[in-house]
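The values are calculated or read from the model by the stated rules, or taken from the named source; none is laboratory data. From a predicted model like this one, the values you see are computed outputs, not experimental measurements. Reconstructed Cβ throughout: ideal geometry from the backbone, glycine too, with neighbour counts over all protein chains shown. The area values use the complete protein model at the heavy-atom level, side chains included, leaving out ligands, DNA and RNA. Shrake-Rupley method; radii C 1.70, N 1.55, O 1.52, S 1.80 Å.
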Amino acid sequence: MSSLILHQLYAGVAPWLALSLLLLGRNPFPSRPRMLGALLLAFFVLWIPVVGWPLFAWCRVLEINPSFTLTGLLCVALWQRLSSKSVFRSEDWTAAWVVGASATLILYPMGLGLTSIDPCTWGWGATLPISTAVVASGLLIAGNRFGMILLLPLLGSLFHLQESANFWDALMDPLYGATSLGVVSYLLWRRLR
Amino acid sequence: MALPLRWLLIGMAWLMAGALYLCRPGIPRSGDFTMAVNAASPGLGSPNFQKTIVNPGQGLPMVHVASLATMSGDMEAAVWYGGSAECAPDVKIYFSESEHGSGWSTPRVILDRQKVEADLGRPVQALGNALLLANPDGTLRLFFVTIAMGRWSGSQLNTSRSHDGGLTWSRAERLTLSPFFNFSELVRNRAVSLLSGGWCVPIYQEFLGKFPELLWLKENQGNLEYGKSRIAGGCSSFQPSLVPIDARRALVFLRDYTDNRKIFLSRSDDGGRIWTKPTQTQLPNPDSGISGLKLNNGKLLIAYNDSPLCRDNLALALSDDQGASWEKLVALENESGSTFAYPFLSRSSDGSIDLAYTRKGKEIALARFNDTWIEETWASLEKLPGGSNHQ
């Protein structure tokens with residue numbers, strides 16, 4: 001399989017998962033037909049042509065490298081909705097948002113030119129994968145399940161599943177970053193109240 | 001989570017991190033620069049200056065941003081983009097070649113939006129700046145900008161390769177260089193080859209900030225390995241023109257995005273790893289492209305718009321103290337209401353200096369001159385009462 005097709009297939013997973021979740025709605029116990037319908041509808045919606053290109057290709061214009069972390073979290077969220085079982089506990093989700101918000105604050109302001117230091121360059125070397133292994137180990141030792149999700153960027157990066165060769169793109173993306181910042185801000189605001 | 005499972009996962013994490021450590025040595029973000037003056041014959045002889053049009057009669061409403069490369073033998077190649085307007089969907093990338101001394105071939109399209117879209121597997125709004133590199137193995141490497149949405153702030157960098165002197169081009173590939181939706185990395189100025197066999201390409205970002213960066217490249221059995229480093233952050237100067245002084249020392253000239261309206265300059269003494277904070281020179285800059293080159297005698301040459309306000313002229317200036325002070329050498333173009341922009345200086349295979357630039361928005365002009373012509377023009381300036389314009 002060519003790398004282009006592999007990258008396209010991977011880049012389609014996160015939009016499909018997100019759209020499936022959206023189509024499942026808020027009902028905590030969806031029926032089986034509804035589950036199957038949501039998954040299939042999400043798949044076909046992504047193939048609807050818009051100005052000559054499927055919707056999925058338009059997603060790739062904006063987000064060509066959904067992070068493995070985001071894809072993993074969407075998988076967990078979808079599995080929880082489909083099985084009606086809690087895979088992640090509250091502290092697992094909190095860890096996901098705290099790690100995402102911390103990485104966002106490190107990566108994006110400086111990456112977009114705030115200082116002469118560019119954290120983006122760390123992603124081409126071995127520093128970032130090792131740092132990720134350290135954080136994942138810490139979380140796993142503490143019994144936090146988000147540690148398992150942090151193995152996905154390492155795995156995906158090893159198999160070159162993304163168009164990008166930068167490990168930051170395996171670990172982070174703007175959608176995961178923005179969601180993490182929003183949730184952490186809300187959690188802090190709630191605690192301060 | 002059971003304890004054995006935890007330790008198994010931790011073991012897996014470290015195994016994968018170890019594998020990534022071994023297979024991701026990273027591209028060195030500094031290097032020894034090769035010197036163009038060493039690679040070419042001296043470019044001396046009798047004074048010579050000639051001006052030609054690379055694309056006579058092309059007839060496009062807009063052509064812009066030319067770059068040059070010396071191919072194997074005496075062949076020179078030029079690429080630029082053209083269409084109905086900047087960022088328009090009909091913009092294509094054109095290629096022309098010339099055997100040294102003869103005219104330029106009829107421009108032909110090497111990339112259009114449809115081919116790039118098919119190669120990348122996603123819609124592209126428009127094509128933009130292109131930069132051509134000639135590898136020592138005879139292959140050509142093209143870097144070009146595509147716009148995903150909006151204008152230049154929504155652009156990305158791509159690459160393609162030719163094994164037959166520019167006749168056919170490989171499938172275009174996207175480079176991922178920016179963390180935020182890969183916005184917005186652009187290429188414009190001449191790349192510098194490295195003694196290690198790689199390239200250092202000046203690039204820049206103009207999304208939230210506008211700042212200069214360097215792209216470090218290495219061709220590895222047909223695969224392009226790359227990484228980048230930053231010259232400066234912020235939102236004040238960008239579009240670097242990289243000029244090596246020797247193998248380890250280099251400087252970059254920077255386009256100004258502030259109200260100072262001056263060309264900025266930054267220096268490195270360690271192969272491009274660490275750069276000084278950009279400082280302004282005496283040379284004006286109307287937020288326009290510039291290009292620099294080191295001459296055989298050690299002096300620095302710069303092509304620039306000699307005005308803080310507009311691009312209605314194009315001039316050359318010289319520095320014999322590594323950029324500390326400048327003297328205007330000559331105005332190559334000067335016509336009120338016209339535009340002369342985006343100069344691209346390079347050394348051709350016979351040692352002469354080529355300056356390509358956009359002339360009146362519709363032509364790619366090429367001024368070819370040698371070091372002796374510069375020396376003579378410089379000497380005649382010194383004879384004039386009052387000397388020069390920029391001290």
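Taking the Cβ-Cβ separation of A:Ala142 and A:Ser84 as r and a Förster radius of 25 Å, what is the calculated FRET efficiency to the nearest 0.05? Kindly include the intermediate steps, with their values, before the conclusion.
On the way: r = 27 Å, r/R0 = 1.07.
Working from the Cβ atoms, E equals 0.40.
With contacts taken as Cα pairs under 8 Å and at least 6 residues apart, chain B reaches a relative contact order of 17 percent.
Its DSSP H runs of at least 4 residues, each contributing -39,500 (n - 2.57), put the calculated 222 nm mean residue ellipticity of the protein assembly as shown at -9500 deg cm²/dmol, to the nearest 500.
In a reduced charge model with +1 at each Lys and Arg Cβ and -1 at each Asp and Glu Cβ, the range B:170-317 shows a dipole moment near 200 debye about its Cα centre.
Calculate the dipole size of the protein assembly as shown relative to its Cα centre from +1 charges on Lys and Arg beta carbons and -1 charges on Asp and Glu beta carbons; express the result in debye to the nearest 20. Before the final figure, lay out the partial values.
Details: 49 positive and 45 negative charges, 510 e Å.
About 2460 debye.
Ordering B:Ser98, A:Val183, B:Thr168 by the projection of their Cα atoms onto the charge dipole of the protein assembly as shown, which places +1 on the Cβ of Lys and Arg and -1 on the Cβ of Asp and Glu, puts A:Val183 at the extreme positive end.
Taking a 25 Å limit on the Cα-Cα distance, which of the listed pairs B:Lys218/B:Lys362; B:Lys228/B:Lys277; B:Lys51/B:Lys294; B:Lys51/B:Lys360; B:Lys92/B:Lys362; B:Lys51/B:Lys362 fall beyond it? Before the final figure, lay out each step's value.
Working: B:Lys218/B:Lys362 35 Å; B:Lys228/B:Lys277 18 Å; B:Lys51/B:Lys294 21 Å; B:Lys51/B:Lys360 15 Å; B:Lys92/B:Lys362 14 Å; B:Lys51/B:Lys362 16 Å.
Violating the 25 Å Cα-Cα cut-off are B:Lys218/B:Lys362.
To the nearest 20 Debye, how big is the dipole of the range A:1-118 about its Cα centre, given +1 on the beta carbon of each Lys and Arg and -1 on that of each Asp and Glu? For the range A:1-118, the charge dipole is close to 540 debye.
Interface between chains B and A: roughly 4400 Å² of accessible area buried, both sides summed (probe 1.4 Å, protein heavy atoms only).
Just tell me how shielded A:122-130 is by partners: mean number of partner chain Cβ atoms within 10 Å of each residue's Cβ, no decimals. Display every interim value, and only then the final one.
On the way: counts 1, 5, 10, 8, 9, 3, 3, 8, 6.
Mean inter-chain Cβ contacts per residue within 10 Å come to 6.
Cα gyration tensor of chain A, axes a ≥ b ≥ c as square roots of the eigenvalues: rounded (a/c below 1.5), prolate (a/b > b/c) or oblate? Oblate is the answer for chain A, as a/c is 1.5 or above yet b/c matches or exceeds a/b. Each residue, B:Arg249 and A:Ser116, gets one label point 7 Å from its Cα in the Cβ direction; the gap between the two is 1.8 nm.
Have a look at the range B:115-164 and report residues whose accessible surface goes down by 20 Å² or more when the remaining protein chains are included, against the chain on its own, probe 1.4 Å, ligands and DNA/RNA excluded. Buried by 20 Å² or more upon assembly, which counts only protein chains, are B:Glu117, B:Gly121, B:Arg122, B:Pro123, B:Ala148, B:Met149. Each label was represented as a point 7 Å from its Cα along the Cα-to-Cβ direction; for B:Ser84 and A:Leu155 these points are 4.9 nm apart.
Other chains near B:4-11: what is the mean number of their Cβ atoms within 10 Å of each residue's Cβ?
On the way: counts 0, 2, 9, 3, 1, 8, 9, 1.
Mean partner-chain Cβ count within 10 Å for B:4-11: 4.
Dipole of the range B:1-130 computed with +1 at Lys/Arg Cβ and -1 at Asp/Glu Cβ about the Cα centre; of B:Ala118, B:Tyr81, B:Leu5, farthest Cα towards the positive end is B:Leu5.
Shielding by partners for peptide A:109-119, expressed as the average number of C-beta atoms from other protein chains within 10 Å of each residue's C-beta, is 6.
Find which of A:Ser90, A:Tyr10, A:Met172 sits farthest along the positive direction of the dipole of chain A, computed with +1 on the beta-carbon of Lys and Arg, -1 on that of Asp and Glu, about the Cα centre. Positive-end residue among those listed: A:Ser90. One Cα centroid belongs to the range A:75-107, the other to the range B:248-300; the line between them spans 47 Å.
Keeping all protein chains in place, calculate the accessible area per residue for the range A:46-161 (probe 1.4 angstrom), answer in Å². List each step's numbers first, then the result.
Values: 4700 Å² over 116 residues.
Here the residues of the range A:46-161 average 41 Å² of exposed surface.
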